[in-house]
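One structure below.
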Protein chains: 2
Amino acid sequence: MRPLFHPAPEDISLEGVLHALSDPVRVAIFSDIAGADCAQTCSAFATVGDREIPKSSLSQHFKVLREAGLIRSERQGVEMRNLSRCAEIEARFPGLLPAIMNAHAAQAAARA
Amino acid sequence: MRPLFHPAPEDISLEGVLHALSDPVRVAIFSDIAGADCAQTCSAFATVGDREIPKSSLSQHFKVLREAGLIRSERQGVEMRNLSRCAEIEARFPGLLPAIMNAHAAQAAARA
C-alpha cells in the first residue's frame with residue numbers, strides 16, 4: 001500500500017489551501033473535520049448537505065485536502081481516519097482558516 | 001462592446017473568491033489592487049514579481065477576479081481601470097480578505 005503524502009508545514013502554500021477549499025464539497029468536508037472533536041472516517045461523508053457523494057469522488061476530495069496540508073489521514077484497518085491540521089496552518093497563516101470557516105458558516109446559514 | 005459582468009454583492013460566493021485567489025498571479029494582482037490608493041490599469045501588471053505575464057493571460061486573470069466579485073473594472077478609452085471591491089466583500093465575509101492578504105504577504109516575505 002502506498003504511503004500517504006502529507007506536506008511539511010513549511011511546504012503548505014496559500015494557493016494550495018485556497019484551491020482545496022474552493023470546492024463546495026471539500027469546504028463542507030473540511031469544516032466538519034475541523035469542527036469535530038475526534039478523527040472522522042471518510043465514510044462519515046457519504047452525504048454532504050443533501051447531496052450523496054460517490055465514493056470515488058470522496059477519495060479524490062480527501063486526497064486534495066491532504067495534499068494541500070489541510071488534513072492528516074491515517075489508515076486504520078480498512079478505514080481512513082482524518083484529522084484537521086488547523087494548528088499547523090494557524091501557525092503558518094494566522095487567522096486564515098478561522099476566517100474561511102466563518103465565511104463558510106455565514107454562507108451556509110444564508111442559503112439554508 | 002460587451003458590457004462587463006459584475007456579480008451583485010449577495011451573489012459573491014466563498015468558493016468563487018477562494019478559486020480566484022488560488023492562482024499565484026491572481027492573488028498577487030489582487031493584492032496590488034487592494035493595496036493601491038487609486039484604480040490600477042491592467043497594463044500596470046505586465047510583470048508580476050519577476051514574471052512577465054502575456055496580455056492574453058492578464059485579461060483572463062482580470063476576468064476571473066471580476067466575475068468572482070473581487071474587482072470592479074471600468075473601461076476608460078482604451079484602458080481598463082480596476083478597483084477592489086474589498087468593502088463589499090468585507091460586509092459579506094468579515095475578515096476573509098484581510099486574512100488572505102496577510103497570508104499572501106507572509107508567504108511572499110518568506111520566499112523573498
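We did not get these values from a lab; they are worked out from the coordinates using the rules stated. All values derive from a computational prediction rather than experimental measurement. Every residue, glycine among them, receives a Cβ derived from its backbone with ideal geometry; neighbour counts consider all protein chains shown.
Mind checking which aspartates and glutamates have their C-alpha under 16 Å from residue B:55, skipping anything on the same chain fewer than 8 residues away?
B:79
As an exercise, take the mean of 1/r over every pair of distinct alpha carbons in the protein assembly as shown, invert it, and state the Kirkwood radius in angstroms. Let's see the in-between values first.
Values: mean 1/r = 0.0537 Å⁻¹.
Final number for the Kirkwood radius of the protein assembly as shown is 18.6 Å.
May I ask you to report, in nm to one decimal and beginning with the shortest, the distances from residue A:57 to the same position in the other copies, taking label points 7 Å along Cα-to-Cβ?
Reported distances to equivalent positions: 3.2 nm.
Distances from residue B:108 to the same residue in each other copy, label points 7 Å out along Cα→Cβ, in nm, shortest first?
Listed shortest first, these distances are 3.3 nm.
Which order do peptides A:66-73, A:98-105 fall in by mean Cβ count within 10 Å, highest first? Please list the in-between numbers first.
Numbers: A:66-73: 21.1, A:98-105: 19.1.
For the peptides A:66-73, A:98-105, the packing ranking is A:66-73, A:98-105.
Can you list the distances in nanometres, one decimal and ascending, from the residue B:7 label point to the identical position in each other copy, with the point 7 Å along Cα to Cβ?
Label-point separations across copies, in nm and ascending: 2.4.
Points 7 angstrom from Cα along the Cβ direction at residue B:57 and residue A:51: gap in nanometres?
In this crude spin-label approximation the distance works out to 3.0 nm.
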